[in-house]
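Undergrad: Right, I'll just put the structure down here and ask away after.
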Amino acid sequence: MSRCGRRMVSSDPSKSIICDLPTEILHRILELMPIKYAARTSTLSKQWSQLWYTLPHLVFDNLFFQYVSNIGDSAARIIRKILMQHAGPILGFHLVSETHELSQSDVDKCIILVSNHGIQKLTLDVANDELYTLPDNIFTCVALTHLKLSRCIVKFPDGTQFPNLVSLQLEDAAIDRSKQTTLTLPMLETLELKFCVDVDYVHIVSTKLVNLSMLSSYAITFQCFNVNPIFRKIKHLCLDGSSLKNLGSVCVSDRLDVSLNLQSLKICDLKISVNRIVYALCLLRNSPNLIELDIDEVVKVDKTVYHTTELFDYLSKAEKEVSEALKLVRTVRLGKFKGTSTEMYLIQVILAHSPKLERMIIQQKVQKPERCNEILKELISYHRASLNAEIKYT
């Protein structure tokens with residue numbers, strides 16, 4: 001019998017060559033399977049059983065919970081059994097459930113078990129009637145490099161340190177506001193905050209942060225860029241319409257005290273108004289290294305003729321500011337494009353004031369073919385400051 005098990009017996013060595021692959025590759029093969037199938041390989045042979053019990057990355061996602069529901073078993077019991085039988089390090093643990101099946105106690109037990117296995121990448125997103133409160137054990141996982149938490153309450157102990165954490169993502173999370181906390185993250189490169197509350201109760205200490213995404217979570221103002229060294233080092237910044245609006249809540253001139261290191265700026269749900277355009281131009285004008293601009297969707301704040309005319313008038317009179325803001329931009333992406341007059345005018349302005357532009361990528365929402373042809377014909381007719389600018393309309 002082949003060491004791969006009865007189902008893999010073959011007189012042709014080429015058909016059982018998988019057994020001779022390095023353990024790392026065999027683990028990767030199992031990780032690409034739904035976990036219910038990966039578990040079944042443990043019955044093939046001792047070799048496959050050993051591979052299953054030492055699988056370094058475990059994924060319990062909605063497919064797993066749906067399967068458990070269909071067979072009428074307990075997801076908490078199965079997950080706990082797998083973790084207790086695990087014989088090697090658990091480098092990655094992904095727990096995502098929309099079923100409201102796991103209790104606070106169930107998740108706590110999972111965290112306790114994986115925290116004893118050298119966890120490096122942890123994802124938690126558990127639906128429940130109330131936000132899940134993280135246990136203290138998670139703050140002792142010093143090997144963590146990637147931490148993604150959703151729908152939870154985070155109580156950072158004062159002086160918390162994750163010496164190896166590279167990426168921190170919080171979504172629909174609430175920070176404990178009982179006291180101001182310092183969070184030391186010397187290796188952090190990526191910070192994403194989406195729909196979080198009370199983020200200002202945490203003071204983050206990080207010298208390597210280069211990717212920052214703030215979506216409806218924290219009121220960044222231009223003053224933050226002036227006084228906080230973290231913001232000056234950011235290379236890639238993502239804001240939504242409300243975050244962009246908050247930039248000007250503390251009045252500053254159109255020039256910041258420092259130059260920013262931004263290389264790319266992404267704006268999600270850009271609610272068009274003169275103020276938001278002014279704030280966006282201010283960011284661009286103070287970012288001499290910025291070469292990429294990504295606008296995920298243009299949304300009108302007010303559809304009245306007056307506000308549309310006001311915006312058009314401002315842009316037509318602010319040619320100097322617009323030209324300075326776009327002088328080095330090479331790539332522009334416009335997502336969820338609907339072909340409105342405001343969007344078309346915005347594209348016209350960008351093309352006319354971007355002398356270094358190489359690519360403008362326009363990703364449309366569903367449009368009728370004849371409308372697509374009309375839009376493309378108009379886009380091609382616009383004046384381009386760059387002779388090398390290409391328009392990709394998809």
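Undergrad: In the range 245-272, what count of residues is obtained for those that are open to solvent by 20 Å² or more (accessible area, probe 1.4 Å), part of a loop (DSSP other than H, G, I, E, B) and at pLDDT 90 or above?
TA: 2
Undergrad: I would also like to ask the following. Select from the range 203-228 the residues that are surrounded by fewer than 19 Cβ atoms within 10 Å (Cβ to Cβ) and touching a Phe, Trp or Tyr at 6+ places or on another chain (Cβ under 8 Å) and write down the one among them that is farthest from Ile138 (Cα to Cα).
TA: Cys224
Undergrad: On to the next question. Which of the following residues is hydrophobic (A, V, I, L, M, F, W, C), farther than 28 Å from His27 by Cβ and at pLDDT 90 or above: Ala173, Ala127?
TA: Ala173
Undergrad: Let me ask something additional. How many of the residues in the range 334-361 are over 23 Å from Tyr314 (Cβ atoms) and touching a strand residue (DSSP E or B) at 6+ places or on another chain (Cβ under 6 Å)? Talk me through it step by step, then tell me what you get.
TA: Kept after step one, since they are over 23 Å from Tyr314 (Cβ atoms), are these residues of the range 334-361: 335-336, 356, 358-359, 361.
Next, from what is left, pick out any that are touching a strand residue (DSSP E or B) at 6+ places or on another chain (Cβ under 6 Å): 335, 359, 361.
Residues that pass the stated criteria total 3.
Undergrad: Let me ask you something else. Taking the options Asn275, Asn286, name whichever one is within 29 Å of Asn226 (Cα to Cα), touching a Lys or Arg at 6+ places or on another chain (Cβ under 8 Å), open to solvent by 60 Å² or more (accessible area, probe 1.4 Å) and of a type outside the set (D, E, K, R). Can you show your working first?
TA: Working: Asn286 fails: open to solvent by 60 Å² or more (accessible area, probe 1.4 Å).
One residue alone meets the criteria, Asn275.
Undergrad: Also: Just checking, does the range 349-367 include any residue being touching a helix residue (DSSP H, G or I) at 6+ places or on another chain (Cβ under 7 Å) and either surrounded by fewer than 14 Cβ atoms within 10 Å (Cβ to Cβ) or in a helix (DSSP H, G or I) (or both)?
TA: For the range 349-367, residues touching a helix residue (DSSP H, G or I) at 6+ places or on another chain (Cβ under 7 Å) and either surrounded by fewer than 14 Cβ atoms within 10 Å (Cβ to Cβ) or in a helix (DSSP H, G or I) (or both): present.
Undergrad: Quickly run through the range 187-245 and pick out the residues that are under 24 Å from Lys155 (Cα atoms), out of contact with any strand residue (DSSP E or B) (no Cβ under 7 Å at 6 or more places or on another chain) and not hydrophobic (A, V, I, L, M, F, W, C).
TA: Asp200, Ser206, Thr207, Lys208, Asn228 - these are the residues of the range 187-245 that are under 24 Å from Lys155 (Cα atoms), out of contact with any strand residue (DSSP E or B) (no Cβ under 7 Å at 6 or more places or on another chain) and not hydrophobic (A, V, I, L, M, F, W, C).
Undergrad: In the range 234-243, how many residues are in a helix (DSSP H, G or I) and surrounded by 17 or more Cβ atoms within 10 Å (Cβ to Cβ)?
TA: Matching residues across the range 234-243 total 2.
Undergrad: Can I ask one more? Identify, by number, the condition in (1) under 26 Å from the mean Cα position of the chain (by Cα); (2) touching a residue at least 60 places away in the same chain (Cβ under 8 Å) that Glu321 doesn't meet.
TA: Every condition holds for Glu321 apart from (1).
Undergrad: Could you grab me the full set of residues in the range 372-387 that are within 17 Å of Glu358 (Cβ to Cβ) and open to solvent by less than 90 Å² (accessible area, probe 1.4 Å)? Please lay out each step first, then the result.
TA: Here is the first cut: in the range 372-387, the ones within 17 Å of Glu358 (Cβ to Cβ) are 379-380, 382-387.
If the condition is that a residue be within 17 Å of Glu358 (Cβ to Cβ) and open to solvent by less than 90 Å² (accessible area, probe 1.4 Å), then Leu379, Tyr382, Arg384, Ala385, Ser386 are the ones that fit.
Undergrad: Is it the case, given these coordinates, that Gly339 is touching a residue at least 24 places away in the same chain (Cβ under 8 Å), open to solvent by less than 70 Å² (accessible area, probe 1.4 Å), assigned to a strand (DSSP E or B) and of a type outside the set (A, V, I, L, M)?
TA: no
Every residue, every condition in (1) within 28 Å of the chain's Cα centre (by Cα); (2) at negative phi; (3) touching a residue at least 12 places away in the same chain (Cβ under 8 Å), yes or no:
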{"residue": "Glu343", "(1), (2), (3)": "yes, yes, yes"}
{"residue": "Gln348", "(1), (2), (3)": "no, yes, yes"}
{"residue": "His353", "(1), (2), (3)": "no, yes, yes"}
{"residue": "Pro369", "(1), (2), (3)": "no, yes, no"}
{"residue": "Glu378", "(1), (2), (3)": "no, yes, yes"}
{"residue": "His383", "(1), (2), (3)": "no, yes, yes"}
{"residue": "Leu387", "(1), (2), (3)": "no, yes, no"}
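Undergrad: If you don't mind, another one. Evaluate the range 183-191: report whether one residue or more is of a type in the set (Asp, Glu) and under 19 Å from Leu265 (Cα atoms). Spell out how you get there, then give the answer.
TA: Narrowing the range 183-191 to residues of a type in the set (Asp, Glu): 189.
If we keep only those that are under 19 Å from Leu265 (Cα atoms) as well, we get 189.
Within the range 183-191, one or more residues are of a type in the set (Asp, Glu) and under 19 Å from Leu265 (Cα atoms).
The values are calculated or read from the model by the stated rules, or taken from the named source; none is laboratory data. What you are looking at is a predicted structure, and each value in this text was computed from that prediction instead of being measured. Positions of Cβ are generated from backbone atoms using ideal geometry, with glycine treated the same way; all protein chains shown enter the neighbour counts. Just the protein is used for accessible areas: all its heavy atoms, side chains included, with ligands, DNA and RNA removed. Shrake-Rupley method; radii C 1.70, N 1.55, O 1.52, S 1.80 Å.
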